[in-house]
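Have a look at the structure below, then the notes.
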Amino acid sequence: MWDEVVGQERAVDLLARAVTRPVHSYLLVGPPGSGVEELARCFGAALVCAEGGCGTCSACQRALRGRHPDVVEFEPDGSVIRVEQVAEMVDAAYLAPFEAPRKVLVVHEVERLHEAAANKLLKTLEEPPPRTHFVLITGAAEELLETVVSRCQMVECKPLSSADVSAALLASGVPSEQVDGVVRLAGGRLDRARRLAGDWAPLRAAVVDAVRRLDGTGAAAAVASGEVAAAIDAALAALEAEHGRELAALEEEIAAATYSDRAAGALRRRLRERHGRIVRRAKTGVIMEVITAIESVFRDALVAPAAALDPDHPPLRLSVDACLRGIDACRHAMKPLSDRNLTVNDGLLLDRLLLNLPATSLTGLPV
Ligand SMILES: [Zn+2]
């Protein structure tokens with residue numbers, strides 16, 4: 001089970017040993033894609049498994065898939081974790097476990113916990129009921145309030161090396177000729193690398209093709225928008241299908257188990273919330289991937305004939321000014337996404353970006 005966490009031997013070792021005598025609260029720190037979420041899920045499974053984390057029993061399997069009634073995951077339901085959501089966490093902390101010897105509360109993106117909400121959580125975090133354990137996850141420990149950090153045992157996941165990401169992709173059957181390119185793009189994020197090698201593989205090519213036909217007219221930008229939107233839908237379709245299968249599996253488990261109506265209702269709601277968060281993140285991720293692909297077109301044109309980011313397309317012949325305008329427009333579009341501004345409208349953002357890009361197709365360029 002623990003081998004689902006790649007390249008984090010120290011953190012795995014520490015938590016696997018903590019299972020027999022866990023402290024109240026853990027803070028798992030690691031950048032997205034470092035395996036920090038898998039680590040939290042494995043630890044949660046180990047804490048509710050009668051064997052301390054066998055990886056194969058029903059408790060482990062359900063916990064690893066986010067469907068165990070005693071491993072409760074909380075996702076921020078907006079750009080901050082609200083006081084009302086903390087009240088829910090505190091209530092959950094005081095409810096007895098349904099079936100396991102322990103209850104585990106996993107809180108994602110805990111850096112979104114601002115002062116008032118954090119203050120409400122502090123007492124429970126410091127002294128939860130004896131069978132309750134908190135596992136807080138963050139990619140930005142420096143944004144956390146010291147009062148939260150000081151109440152937890154911190155476990156750090158380091159950013160993954162390219163070698164770690166390559167090895168994990170090869171081990172999961174990605175063809176070796178595909179691995180290098182994907183690792184170069186993934187920037188040490190195994191989650192991103194897996195998507196780029198899988199469901200998202202056609203996205204980049206589709207975006208680059210669409211952008212290379214811009215001729216400076218609104219009509220061409222509109223065509224490109226349509227093509228990019230279709231590529232995004234295709235990239236997200238597999239995720240939606242997977243979520244459908246998970247919901248069906250949960251219904252089977254509910255039918256087979258002796259969950260109370262309340263427990264079954266809570267499991268359904270939490271799985272829907274988890275899916276909501278995964279889809280939200282995937283949407284942001286896919287838009288960032290689109291913008292990165294667009295930027296690479298202009299970057300390759302700027303540095304040509306030096307080594308290209310995209311070896312599949314010959315660099316365009318554009319003026320330095322056009323390249324810089326293209327790169328600048330991409331950075332401008334990326335900003336609200338990297339600032340995690342959740343109010344941004346992704347569709348509009350891409351439409352506007354495509355409209356603001358310089359002409360790339362030969363028909364629109366002076367000969
Ligand atoms: Zn087990």
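Within the same chain, lysines fewer than 8 places from residue 283 are excluded, and of the rest, those with a Cα less than 24 Å from its Cα are 335. Measure nothing but the geometry: give the 0 to 90° angle between the long axis through the Cα atoms of 36-48 and the longest principal axis through the Cα atoms of the chain, rounded to 10°. It works out to around 20 degrees.
The C-alpha atoms of the chain define a longest principal axis, and helix 218-256 lies at about 20 degrees to it.
Hey, for a label at residue 268 modelled as a point 7 Å past Cα toward Cβ, could you say which residues of the stretch 36-79 have their backbone N under 18 Å away? Counting only backbone N, you get 67-70.
Enter the mean projected area of the convex hull around the alpha-carbon atoms of the stretch 218-367, in nm², rounded to one decimal. Each step should come with its number before you reach the end.
Details: hull surface 46.8 nm².
Its average projected convex-hull area is 11.7 nm².
Extension gain for residue 261 to residue 284 (0.36 nm times residue separation, less C-alpha to C-alpha distance): 4.8 nm. Each 20 Å bin from zero holds the following percent of Cα-Cα pairs in the chain: 26, 52, 20, 2.
Considering only protein heavy atoms, with the full assembly of protein chains and a 1.4 angstrom probe, order 102, 65 by accessible area, largest first. Please list the in-between numbers first.
Values: 102 50, 65 100 Å².
The most accessible residue leads, giving 65, 102.
Per atom type, the stretch 15-68 shows carbon and sulfur on 50% of its accessible surface, probed at 1.4 Å.
Place a +1 charge on the Cβ of each Lys and Arg in the stretch 1-141 and a -1 charge on the Cβ of each Asp and Glu, then give the dipole magnitude about the Cα centre in debye, rounded to the nearest 20. Numbers along the way, then the final one.
Numbers: 14 positive and 20 negative charges, 68 e Å.
Computed about the Cα centre, the dipole is about 320 debye.
Length available on full extension from residue 142 to residue 240: 0.36 nm per residue minus the Cα-Cα distance, which gives 31.9 nm.
Decide, for the stretch 2-48, between rounded, prolate and oblate: order the square roots of the alpha carbon gyration tensor eigenvalues as a ≥ b ≥ c, take rounded if a/c falls under 1.5, and otherwise choose prolate if a/b is larger than b/c, else oblate. Prolate is the answer for the stretch 2-48, as a/c is 1.5 or above and a/b outweighs b/c.
So which lysines can residue 103 reach, going by Cα to Cα under 29 Å and dropping same-chain residues fewer than 8 places off? Straight-line reach from residue 103, under 29 Å: 120, 123, 158. With the whole protein complex present, residue 283 retains an accessible surface near 90 Å², based on a 1.4 Å probe.
Take the alpha carbon gyration tensor of the stretch 25-147, find the square roots of its eigenvalues, order them as a ≥ b ≥ c, and report rounded if a/c is under 1.5; if not, report prolate when a/b exceeds b/c, else oblate.
Oblate is the answer for the stretch 25-147, as a/c is 1.5 or above yet b/c matches or exceeds a/b.
Counting only protein heavy atoms and a 1.4 Å probe, the chain has 48 square angstrom of accessible area per residue. Using the crude model of +1 on Lys and Arg Cβ and -1 on Asp and Glu Cβ, and no other charge, please compute the dipole size for the chain relative to its Cα centre, in debye to 20. Computed about the Cα centre, the dipole is about 300 debye.
The values are calculated or read from the model by the stated rules, or taken from the named source; none is laboratory data. Model, not experiment: these values are computed from the prediction. Positions of Cβ are backbone-derived with ideal geometry, glycine not excepted, and every protein chain shown enters the neighbour counts. Side chains included, ligands, DNA and RNA excluded: accessible areas come from the protein's heavy atoms. Shrake-Rupley method; radii C 1.70, N 1.55, O 1.52, S 1.80 Å.
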